[in-house]
Amino acid sequence: MKKLRLLFAICTVLLIGAVLSQSGFVRAAPTTAGTITQHVVPTIYAYPIGITLGPDGNLWFTESNGNKIGRLSPRGGFKEYPLPAPNSMPIGITTGPDGNLWFTERYGDQIGRITTTGQITEFHVSQKTGGRPIDIARGPTSALWFTEFARKIGEITTE
């Protein structure tokens with residue numbers, strides 16, 4: 001009987017957790033540094049990887065499996081932008097000096113640019129080496145720098 005009660009208690013806790021996570025808002029217990037709040041991305045199996053603060057005050061992130069760039073407002077509202085290239089696997093993302101968001105497309109072998117209004121432009125990295133760009137960062141000038149799976153570090157201008 002004790003085992004049955006324990007099993008029932010575990011199932012109840014798991015069910016409550018599943019319901020809360022499906023609601024899109026999960027709040028964990030306070031930590032010593034504050035409270036962790038999690039926001040569930042609308043696309044199932046999106047696998048968000050990179051995240052950055054955009055010039056518009058929103059958080060912008062890559063959905064590697066969802067093949068989208070996402071935007072999360074500070075109030076919790078989501079907006080998703082599908083990428084033109086299928087199965088491109090966006091990974092890294094950063095805000096460029098030009099006020100746009102720049103991201104890598106690992107399997108698309110491209111660097112992408114998205115405006116804060118959602119207009120996307122893609123730039124092919126290499127036709128022969130299969131560089132597979134992974135991460136991207138703003139450099140000391142107006143250029144952006146990105147790492148490639150093919151043992152390379154690339155640079156792209158934003159002007």
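Can you confirm whether the stretch 76-83 contains a residue that is at pLDDT below 95 and either in a helix (DSSP H, G or I) or surrounded by fewer than 19 Cβ atoms within 10 Å (Cβ to Cβ) (or both)? Looking through the stretch 76-83, at least one residue is at pLDDT below 95 and either in a helix (DSSP H, G or I) or surrounded by fewer than 19 Cβ atoms within 10 Å (Cβ to Cβ) (or both).
In the set (1) buried (at least 18 other Cβ atoms within 10 Å of the Cβ); (2) assigned to a loop (DSSP other than H, G, I, E, B); (3) of a type in the set (Gly, Ala, Ser); (4) touching a Ser or Thr at 6+ places or on another chain (Cβ under 7 Å), residue 150 fails one condition alone, (1).
Does residue 136 meet the test of being within 19 Å of residue 48 (Cα to Cα) and in contact with a Leu (Cβ under 7 Å, 6 or more places away or on another chain)? Answer is yes for this residue. Scanning the stretch 111-135 for residues that are buried (at least 22 other Cβ atoms within 10 Å of the Cβ) and within 14 Å of the chain's Cα centre (by Cα) yields 112, 114. Residue check: is residue 108 surrounded by 19 or more Cβ atoms within 10 Å (Cβ to Cβ), at pLDDT below 95 and not hydroxyl-bearing (Ser, Thr, Tyr)? The answer is yes for residue 108. Restricting to the stretch 94-119, name every residue that is among the polar types (S, T, N, Q) and over 25 Å from residue 149 (Cα atoms). Result: 115, 116, 117, 119. In summary, residue 65 fulfils each of the numbered conditions (1) of a type outside the set (Phe, Trp, Tyr); (2) in a loop (DSSP other than H, G, I, E, B); (3) surrounded by fewer than 18 Cβ atoms within 10 Å (Cβ to Cβ); (4) over 15 Å from the mean Cα position of the chain (by Cα) with the single exception of condition (4).
The test for being at pLDDT 95 or above and among the charged types (D, E, K, R) does not hold for residue 159.
Applying the condition of being at pLDDT below 95 and not in a strand (DSSP E or B) to the stretch 111-128 and asking which residue is farthest from residue 142 (Cα to Cα) yields 128. Restricting attention to the stretch 42-62, the residues that are outside any strand (DSSP E or B) and in contact with a Phe, Trp or Tyr (Cβ under 7 Å, 6 or more places away or on another chain) total 2.
The values are calculated or read from the model by the stated rules, or taken from the named source; none is laboratory data. Computed from a predicted structure; not experimentally measured. Here Cβ is always computed from backbone atoms with ideal geometry, including for glycine, and neighbour counts include all displayed protein chains.
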